1. Over region 7-107, average the accessible area per residue using a 1.4 Å probe and give it in Å², no decimals.
2. Sum up the charges of everything whose Cβ sits under 11 Å from the Cβ of PHE25, counting Lys and Arg as +1 and Asp and Glu as -1, but leave PHE25 out.
3. I'd like the FRET efficiency for CYS667 and THR212, computed as 1/(1 + (r/R0)^6) with the beta carbon distance as r and R0 of 56 Å, rounded to 0.05.
4. Not counting ligands, DNA or RNA, and with a 1.4 Å probe, what is HIS460's accessible surface area in Å² rounded to the nearest 10?
5. Nearest 20 debye, what's the magnitude of the dipole of region 7-107 about its Cα centre given +1 on Lys and Arg Cβ and -1 on Asp and Glu Cβ?
6. For the pair THR417/ASN573, report the inter-label distance in nm, with labels modelled 7 Å from Cα in the Cβ direction.
7. What residues have an amide H closer than 5 Å to that of GLY56, excluding those fewer than 5 places away on the same chain, when H is modeled at 1.01 Å from N in the peptide plane?
8. Label points 7 Å out from Cα along the Cβ direction at LYS616 and LEU560: separation in nm?
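The values are calculated or read from the model by the stated rules, or taken from the named source; none is laboratory data. This is a predicted model, so every value here is computed, not measured. Here the Cβ is made from the backbone with ideal geometry for all residues, glycine too, and neighbour counts use every protein chain on show. Ligands, DNA and RNA are stripped out before the accessible areas are found, and what is left, the full protein with its side chains, is counted by its heavy atoms. Shrake-Rupley method; radii C 1.70, N 1.55, O 1.52, S 1.80 Å.
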Amino acid sequence: SDHMENIYGYLMKYTNLVTGWQYRFFVLNNDAGLLEYFVNEQSRHLKPRGTLQLAGAVISPSDEDSHTFTVNAASGEQYKLRATDAKERQHWVSRLQICTQHHTEAIGKNNPPLKSRSFSLASQGSANSPGVQRRLSQNAVSFFNVGHHRLPTGKRVPIMQPDHLVDVREMMSQAEGQQRDLIRSIECLPVSGHLTSLDQDLLMLKATSMATMNCLNDCFHILQLQHASQQKGSLPAGTTINWLEPKISLANHFKNGAAQNFPAEINKPASVREEQSVAEPCQLTREPEEINPDEELEDICDDKEDDLGAVEEQRSVILHLLSQLKLGMDLTRVVLPTFILEKRSLLEMYADFMSHPDLFIAITNGTTPEERMIRFVEYYLTSFHEGRKGAIAKKPYNPIIGETFHCSWRMPKSDVTTDAGSNFSAHSASEQVTLSKDLEGQTEPDYYTVKFVAEQVSHHPPVSGFYAECVERKMCVNAHVWTKSKFLGMSIGVTMVGEGLLSLLEHGEEYTFSLPCAYARSILTVPWVELGGKVNINCVKTGYSASINFHTKPFYGGKLHRVTGEVKQNMTNTVVCRVQGEWNSVLEFTYSNGETKYVDLTKLSVTRKRVRPLEKQGPFESRRLWQHVTESLRDGDIDKATEHKRALEERQRNEERLRAETETPWCTKYFLKEGDGWVYHKPLWKTVSAVQTQQMDTN
């Protein structure tokens with residue numbers, strides 16, 4: 001109570017993807033147990049912009065830096081806040097924790113024990129029903145019972161085997177789901193009446209159930225540590241394992257459940273010291289670089305990800321990681337163990353979606369809007385298979401902010417499907433020469449070039465932008481993707497938030513599209529990937545649209561990787577094409593004229609991308625940036641790969657901290673923010689428009 005003082009001041013609050021961090025004026029009201037915030041100090045006399053009840057809340061300092069912390073209310077609402085320095089964060093965290101403890105205990109003292117009380121959250125029925133009476137003990141529709149079980153004295157608890165621990169994890173996942181349903185049921189109650197969502201008994205129940213689940217998770221974590229240590233024989237008899245403090249990052253501290261000590265700075269390889277060096281923002285050029293496709297060579301790298309042994313060997317590490325996760329938890333900031341990583345960056349994975357450039361270029365060769373939409377759907381559905389490397393589900397590197405990836409494809413013109421009557425030659429020769437940047441009198445190449453560039457434009461949240469174009473065919477695609485990962489129990493779900501835009505400039509058509517969700521299943525055994533969700537493709541100008549469903553496998557029966565979809569003309573609501581099959585096997589397209597076409601993805605030819613040699617790449621290009629991690633993974637040296645990865649991540653945190661202290665905004669290199677999205681700085685539609693304007697002025 002000596003420290004129960006009202007404090008106030010400015011903190012940065014994370015709002016959302018669009019607005020990011022914003023300064024807000026916060027007030028801790030100890031008497032009411034509330035954390036309130038206002039736009040600024042001058043508006044303090046007005047109604048708060050937001051309020052959190054601190055009874056039952058959890059105050060957590062973040063391990064990503066020394067300034068950030070979160071306030072998790074019992075209602076499920078969360079404030080993510082950032083102080084100016086570590087000292088100010090500690091001041092706010094300690095005062096918030098004292099206030100939270102005081103009001104949580106006050107609720108408990110003012111109410112009888114839960115075990116002697118029972119009440120209903122079901123429908124209250126009519127006004128004369130006993131269910132609407134204030135005496136909660138008379139509600140007999142459903143009960144919440146709290147029981148205490150003791151082990152018989154003198155009996156030794158058997159050491160659990162790994163399979164038993166998996167069963168416990170599943171049961172806890174079910175309990176967490178029930179606890180979440182309980183909170184949702186309470187919050188759905190009216191705010192006024194005999195039984196409300198603000199009832200002190202229900203608030204106490206919410207706080208107690210949350211604390212119970214947190215305690216169970218910590219107990220399970222201790223079991224995991226104990227089992228892993230006993231398996232290694234590194235835990236002497238009688239050793240005590242302490243309760244957890246703030247959650248630690250697995251890759252930095254554990255390998256196979258044992259403490260990992262990194263070598264001192266003087267003993268680190270030069271490559272690691274180079275990765276950890278902090279570069280001043282002004283020293284890095286952010287001017288866009290024009291990549292000459294002639295400098296790129298056909299890629300000879302072939303890193304298949306079929307090694308299943310490592311996952312089995314590192315099972316105890318996975319179990320330890322799972323013990324720290326909660327259902328629905330955002331995995332964006334969770335440090336994952338190095339051995340589950342693919343040998344490529346996420347930016348390069350997006351490039352691998354373009355591994356069938358012949359199908360991409362053929363879209364614009366369609367003679368009618370209907371045919372072009374169908375061709376786009378065909379290309380879209382064939383792009384995901386090559387994006388996966390091997391059968392096992394591994395995770396690409398999280399791109400560092402400012403990281404870029406460049407590549408291109410050369411496609412012989414004879415290999416691209418054309419149609420009689422295509423308006424390919426409908427444009428002037430001068431325009432073709434200008435766009436292709438061919439020298440006067442130079443023979444036109446017998447291949448098309450598709451160029452690709454990707455950039456990590458944001459770190460929190462993680463947003464990537466990528467752009468591809470074929471100048472000769474006047475077509476380009478621009479997209480931005482925010483990857484949101486969540487823990488789902490025995491699987492991990494990744495939502496691709498964002499939108500893509502395909503522009504066919506010869507036809508003046510634009511196609512918007514979204515991306516499906518991805519799931520890593522069976523993460524305790526042999527993880528595998530499936531896609532799920534509904535995506536839409538739409539062309540406003542032509543009125544054609546496509547709806548595609550990626551079906552996840554049901555619990556019993558059903559096929560893996562199933563996809564269905566249809567293309568229709570919106571004006572007449574006529575379906576012109578249906579598709580079904582598996583996105584990584586065989587697809588069947590049925591057209592309105594009765595014809596059927598089968599596409600076997602396993603037999604489709606893959607065009608290798610062309611990439612500049614490492615020595616010609618910039619320091620922030622993906623392959624050069626991650627080269628030491630990739631080399632260590634190829635050599636099977638997980639310790640060294642972890643060390644190099646840690647050095648890169650630490651450098652990113654240091655640079656982010658430096659920008660925050662100097663209030664220096666991050667400047668992207670190739671993509672510009674437009675509304676909620678990111679657009680390539682020099683898209684083809686601007687180039688074509690400029691060329692056409694220049695020709696009109698000349699004429």
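1. On the way: 4720 Å² over 101 residues.
Counting only protein heavy atoms, the per-residue value for region 7-107 is 47 Å².
2. Values: positive: LYS13, ARG24, ARG44, ARG49; negative: GLU36, GLU41.
The answer is +2.
3. Numbers: r = 48 Å, r/R0 = 0.85.
Computed FRET efficiency for CYS667 and THR212: 0.75.
4. 40
5. Working: 10 positive and 10 negative charges, 60 e Å.
Dipole about the Cα centre, nearest 20: 280 debye.
6. 3.0
7. HN-HN under 5 Å from GLY56: THR104.
8. The two pseudo-label positions are separated by 4.0 nm.
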